[in-house]
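Asks: My questions will all concern the structure given below.
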Amino acid sequence: VLRCPLLPWQNKPPYNAGAFRFELTFSPHHPLAPPRATLRTSIYHPGVDPEGGVCQPLTSAQHWVPSTRATQVLQDLLLLLDNPDPQQALRQDLARELQDQPEVFWRRAEEHTRCHAEPRPDSPGP
């Protein structure tokens, strides 16, 4: 299990206002079996279930390639979380809200991030 203390988003609202804890769990059969990403910080996102499970096609059994590196999994996770896709949803209620009322979804996601995410670590200076 790789526990990353904080997963700060890049510069894309609404998740860029906070940092999120996650775990990357490796099977004893890794690299033949994919790792599993779990968010430990609550997030308002259609691709993350209430227990922190992530809908990440890269790590699904049918798409997994044993030569995939952990850094690729993390980059894919950041991309997926930064770009919610209603077509890849674990929470259908949030997927519908994102499709039907995007302004409501983004406002709620921002409020949820402010309430539940941890402060972002300061960016390193020049």
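Asks: Looking for whichever is open to solvent by 60 Å² or more (accessible area, probe 1.4 Å), of a type in the set (A, V, I, L, M) and more than 24 Å from residue 17 (Cβ to Cβ) here; the options are 61, 70. Which one fits? If you could, list the steps in order and put the result at the bottom.
Replies: Details: 70 fails: open to solvent by 60 Å² or more (accessible area, probe 1.4 Å).
Matching residue, one of 61, 70: 61.
Asks: Of the residues 97, 118, which is touching a helix residue (DSSP H, G or I) at 6+ places or on another chain (Cβ under 7 Å) and either among the basic types (Lys, Arg) or more than 14 Å from residue 13 (Cα to Cα) (or both)? Walk me through it before giving the result.
Replies: On the way: 118 fails: touching a helix residue (DSSP H, G or I) at 6+ places or on another chain (Cβ under 7 Å).
Going through 97, 118 in turn, just one is touching a helix residue (DSSP H, G or I) at 6+ places or on another chain (Cβ under 7 Å) and either among the basic types (Lys, Arg) or more than 14 Å from residue 13 (Cα to Cα) (or both): 97.
Asks: Go through (1) modelled with pLDDT of 90 or more; (2) of a type outside the set (S, T, N, Q); (3) over 10 Å from the mean Cα position of the chain (by Cα); (4) open to solvent by less than 40 Å² (accessible area, probe 1.4 Å) and name the single condition residue 18 misses.
Replies: The number of the failed condition is (1).
Asks: Assess whether residue 80 counts as being out of contact with any Phe, Trp or Tyr (no Cβ under 8 Å at 6 or more places or on another chain) and either of a type in the set (S, T, N, Q) or touching a residue at least 24 places away in the same chain (Cβ under 8 Å) (or both).
Replies: Numbers: out of contact with any Phe, Trp or Tyr (no Cβ under 8 Å at 6 or more places or on another chain): yes; either of a type in the set (S, T, N, Q) or touching a residue at least 24 places away in the same chain (Cβ under 8 Å) (or both): yes.
Judged against the criteria, residue 80 is a match.
Asks: Now for a different question. Inside the range 27-53, can you point out the residues that are open to solvent by 30 Å² or more (accessible area, probe 1.4 Å) and without any contact (Cβ under 8 Å) to a residue 40 or more places away in the chain?
Replies: Within the range 27-53, the subset open to solvent by 30 Å² or more (accessible area, probe 1.4 Å) is 27-32, 34, 36, 40, 42, 44, 49-51.
Passing the criteria: 27, 28, 29, 30, 31, 32, 34, 36, 40, 51.
The values are calculated or read from the model by the stated rules, or taken from the named source; none is laboratory data. Bear in mind that the values here come from a model prediction, so they are computed numbers and not experimental data. Cβ sites come from the backbone with ideal geometry, for glycine too, and all protein chains shown count toward neighbours. Protein only, heavy atoms only, side chains kept; ligands, DNA and RNA dropped before computing areas. Shrake-Rupley method; radii C 1.70, N 1.55, O 1.52, S 1.80 Å.
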